[in-house]
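Novice: Sending over a structure as structure tokens; questions will come in a sec.
The values are calculated or read from the model by the stated rules, or taken from the named source; none is laboratory data. These figures come from a predicted structure and were not determined experimentally. Cβ placement follows ideal geometry from the backbone for every residue including glycine, while neighbour counts extend to all protein chains displayed. All accessible areas refer to the heavy atoms of the entire protein, side chains included, with ligands and DNA or RNA removed. Shrake-Rupley method; radii C 1.70, N 1.55, O 1.52, S 1.80 Å.
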Amino acid sequence: MSSKVPETETYVKSRGVEERNNLRYPPAPEPLTVPVYDNHAHLEITDGDDPLTLTEQLDRAQAVGILGVVQASGDIESSRWAVDAAASDPRVLAAVAIHPNDAPVYAEAGQLGHAIEAIDELAAHPRVRAIGETGLDFFRTGPEGHSAQFEAFEAHIALAKKHAIAMQIHDRDAHDAVLETLARIGAPEKTVFHCFSGDDAMARTCADAGYYLSFAGNVTFKNAQNLRDALAVTPRDRILVETDAPFLTPVPLRGRPNAPYLVPITVRFMAEELGVHVDELAAQIAENTLRVYGDFAD
């Protein structure tokens, strides 16, 4: 492993390169005047022809006005990586969880209970500010895995409440089931729909319930009018922004490696859609982020 990688970065995945023609990281966009935060990224996943270390990612982000990143997780190993990264750099906060598509894998191995216990232990770390990403995914997991997903989701809700931290939801092709589960179990006080994928009606439902909606680079995609409609009706004090890096690179860079330093592209697009000055939207997003996760320096 590269000598540039801090000792805490001991677990790194790699993103596949299939069906992508340009694997170079894009040039940096114009910096934001009012800084914001990347509410959800997977920086343990390397990507591109010249993968960036955690420090390089954070330095590039800071240079364009991205002050911090919430490092999300999907299994025990990535959750430990997130905690180590957050402990090693004040620009990182951690979210820990078992991803809904991984929950059936743990369950089949008879290890789901152990995995939830491991997340519970990690969630006690002061740099862990969210349980995530958790939720339901009926796109990649068939009906045979739904019971494990529900079991894990409900357990994660309980953990967010136990540790009094936020929860980041992964919701793919499962809108009604996610909303029903939150209503039935009772959502944590600070509930975030990571990479919101619903429409304006769902956005109104979420806003009425007090949830936060996090928009990623796919809000810029031509075929994502539903996301732009959702953004338009979301109260400003409930809007967050994210990369989901290395995925969902915004237009016109779609398909290339994504990174926190590209957040300004999405923020500027969102501001234009909402008809507000980018500084105004950035200030609101920053305030919302700190309200959800607390101060990065603490």
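Novice: Placing unit charges on C-beta atoms (Lys and Arg positive, Asp and Glu negative, everything else neutral), compute the dipole magnitude of the chain about its Cα centre in debye, rounded to 20.
Specialist: 460 debye
Novice: Residue by residue through segment 239-248, which ³J(HN,Hα) values in whole Hz follow from phi under the Karplus form 6.51 cos²θ - 1.76 cosθ + 1.60 (θ = phi - 60°), with glycine and proline marked x?
Specialist: Rounded to whole hertz, the list is 8, 10, 10, 8, 9, 6, 3, x, 9, 6.
Novice: Same structure, new question: Could you give me D for the chain, from Stokes-Einstein at 25 °C and 0.890 mPa s, where the hydrodynamic radius is the Kirkwood radius over C-alpha pairs? Units µm² s⁻¹, please.
Specialist: Here the translational diffusion coefficient equals 130 µm²/s.
Novice: Taking a ≥ b ≥ c as the square roots of the Cα gyration tensor eigenvalues, with a/c under 1.5 meaning rounded and otherwise prolate when a/b beats b/c, else oblate, which class fits segment 130-275?
Specialist: prolate
Novice: Related question: Using Cα pairs under 8 angstrom and six or more residues apart, how large is the relative contact order of the chain, in percent?
Specialist: With pairs under 8 Å counted, the relative contact order is 20 percent.
Novice: Please list the non-local residues whose amide H lies under 5 Å from the amide H of Gly68, H modeled 1.01 Å from N, same-chain partners needing a gap of 5 or more.
Specialist: Sorted by chain and number, the residues that satisfy this are Asp38.
Novice: Further question on the same structure: So what are the radius of gyration and Dmax for the Cα set of segment 56-202, in Å?
Specialist: Rg and Dmax of segment 56-202, Cα atoms, are 15.2, 46 Å.
Novice: Taking amide H atoms as placed 1.01 Å from N in the peptide plane, list the residues 5 or more away in sequence, or in a different chain, whose amide H sits under 5 Å from that of Thr46.
Specialist: Those qualifying (amide H under 5 Å, at least 5 residues apart or on another chain) are Lys13, Ser14, Arg15.
Novice: Also, quick follow-up: Taking θ as phi - 60°, what are the ³J(HN,Hα) couplings along segment 288-298 by the Karplus curve (6.51, -1.76, 1.60), each to the nearest whole Hz, with x for Gly and Pro?
Specialist: With coefficients 6.51, -1.76 and 1.60, one gets 4, 4, 5, 5, 6, 10, x, 6, 5, 7, 6 Hz.
Novice: Measuring with a 1.4 Å probe in the full set of protein chains, what accessible area per residue, in whole Å², belongs to the chain?
Specialist: Solvent-accessible surface per residue comes out at 41 Å².
Novice: Something else now. Can you give the accessible area of Val251 in Å² (nearest 10), computed on protein heavy atoms with a 1.4 Å probe?
Specialist: The accessible area of Val251 comes to roughly 60 Å².
Novice: What residues qualify as long-range amide H neighbours of Gly132, i.e. H under 5 Å apart, gap of 5 or more or another chain, H built at 1.01 Å from N?
Specialist: Long-range HN contacts for Gly132: Ser73, Val96, Ala97, Gln168.
Novice: Ranked from the most accessible area to the least, with a 1.4 Å probe and all protein chains present, what is the order of Ser214, Ser88?
Specialist: Per-residue accessible area, sorted high to low, gives Ser88, Ser214.
Novice: Farthest toward the dipole's positive end in the chain, which of Val233, Ala87, Ile185, given Cβ charges of +1 (Lys, Arg) and -1 (Asp, Glu) about the Cα centre?
Specialist: Toward the positive end, the furthest listed residue is Val233.
Novice: Mean separation of Cα pairs under 8 Å and 6+ residues apart, divided by the residue count of segment 141-269: what relative contact order is that in percent?
Specialist: 18 percent
Novice: Of the accessible area of the chain, with the probe set at 1.4 angstrom, what percent is carbon plus sulfur?
Specialist: The nonpolar share, carbon plus sulfur, comes to 49 percent.
Novice: Another question, then. Based on the alpha-carbon gyration tensor of segment 143-190 and its eigenvalue square roots a ≥ b ≥ c, which shape applies: rounded if a/c is under 1.5, prolate if not and a/b is larger than b/c, or oblate?
Specialist: Prolate.
Novice: Taking θ = phi - 60°, what integer Hz values does the Karplus form 6.51 cos²θ - 1.76 cosθ + 1.60 yield along segment 24-33, in sequence order, with x for Gly and Pro?
Specialist: Once rounded to whole Hz, the list reads 8, 5, x, x, 5, x, 4, x, 6, 6.
Novice: Can you give the calculated 222 nm mean residue ellipticity of the chain, where each DSSP H run of n ≥ 4 adds -39,500 (n - 2.57) and the sum is split over every residue, rounded to the nearest 500 deg cm²/dmol?
Specialist: -12000 deg cm²/dmol
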